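I have placed the structure first, in the form of structure tokens, so that the comments after it can refer back to it.
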Amino acid sequence: MDLVAGMLRTRGRAVTESSFFDMISQAAYGVRKVRCCNHTDAQGNREDDSVTIAVLVEEYEKGAHVFSGIKKAIRDRLLRDSALMPSGKSLTLIQPHFIRMNVRVWLEKDSMDQAYDLQQRALAKMTDFINPLKGGVSGQGWEIGELPRASQLTAVLRTGLPGCSITRMVITAQVNGQEYSVTDEFYENLNDPFAMAVNGEHMVYIEVSGC
């Protein structure tokens with residue numbers, strides 16, 4: 001039903017991001033998110049004659065070979081049916097630039113009773129929230145280019161873990177082989193329209209209040 005609706009919307013032409021998504025979904029199975037940036041190269045820099053499209057597939061965790069397996073079919077479909085060729089644009093298809101986020105959080109409660117259960121629930125909530133397919137505030141996944149914020153994760157933990165308080169949280173991100181502290185400055189300097197967070201290593205520490 002989704003594919004038929006997409007065909008009716010595109011009418012065989014892709015000119016908007018939603019129509020690109022419809023057309024790409026018709027060409028390949030398992031496409032979940034699409035980000036189309038005009039005048040942009042694969043690194044996210046300005047390049048007037050380029051169109052770069054980032055495609056998130058459902059099985060992204062299995063490696064780049066999954067995307068490689070459908071890349072040609074997507075490219076052929078877009079070059080045949082979209083408005084790219086008449087406009088003289090060059091097309092680049094990429095995966096999102098995955099940024100591995102690691103979270104350490106300290107929770108305080110009045111005793112160590114059920115501390116392990118609390119720890120596991122906190123880990124599950126963090127993992128689900130960062131997950132690009134089912135995370136985010138809405139639970140419908142993150143858009144490509146949208147990264148989780150510490151304030152959002154804090155709100156999720158406070159809501160989902162009654163009976164304890166968050167005393168500290170540290171988030172780091174691995175970008176191009178280097179690890180950075182995730183602060184407001186990190187978001188300001190990243191400037192990557194194709195960035196997407198994935199789960200790294202998370203740790204939850206339980207502290208007893210008054211100790």
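The values are calculated or read from the model by the stated rules, or taken from the named source; none is laboratory data. Bear in mind the structure is a predicted one, so any value in this text is a computation, not a measurement. FYI the Cβ positions are ideal-geometry reconstructions off the backbone, even for glycines, and counts take in every protein chain you see. SASA here: full protein model, heavy atoms, side chains in, ligands and nucleic acids out. Shrake-Rupley method; radii C 1.70, N 1.55, O 1.52, S 1.80 Å.
Got a sec? Which of L123, L133 is modelled with pLDDT of 95 or more, assigned to a helix (DSSP H, G or I) and open to solvent by less than 50 Å² (accessible area, probe 1.4 Å)? Every option except L123 fails the conditions.
Test N176 against the stated conditions and say whether it is open to solvent by 80 Å² or more (accessible area, probe 1.4 Å) and touching a Gly at 6+ places or on another chain (Cβ under 9 Å). Explain how you work it out, then say what you get.
Details: open to solvent by 80 Å² or more (accessible area, probe 1.4 Å): yes; touching a Gly at 6+ places or on another chain (Cβ under 9 Å): no.
The answer is no for N176.
Within region 179-199, the set of residues being open to solvent by 70 Å² or more (accessible area, probe 1.4 Å) and either within 16 Å of the chain's Cα centre (by Cα) or within 21 Å of A42 (Cα to Cα) (or both) comprises E188, N189, N191. If you go through region 153-170 and keep only what is surrounded by 15 or more Cβ atoms within 10 Å (Cβ to Cβ) and within 30 Å of S18 (Cβ to Cβ), you end up with L153, V156. Whether a residue is under 30 Å from S151 (Cβ atoms) and either open to solvent by less than 20 Å² (accessible area, probe 1.4 Å) or in contact with a Lys or Arg (Cβ under 8 Å, 6 or more places away or on another chain) (or both) was assessed, and V105 passes this test.
The residue that is farthest from the chain's Cα centre (by Cα), counting only those in region 200-211 that are buried (at least 16 other Cβ atoms within 10 Å of the Cβ) and within 16 Å of A150 (Cα to Cα), is V204.
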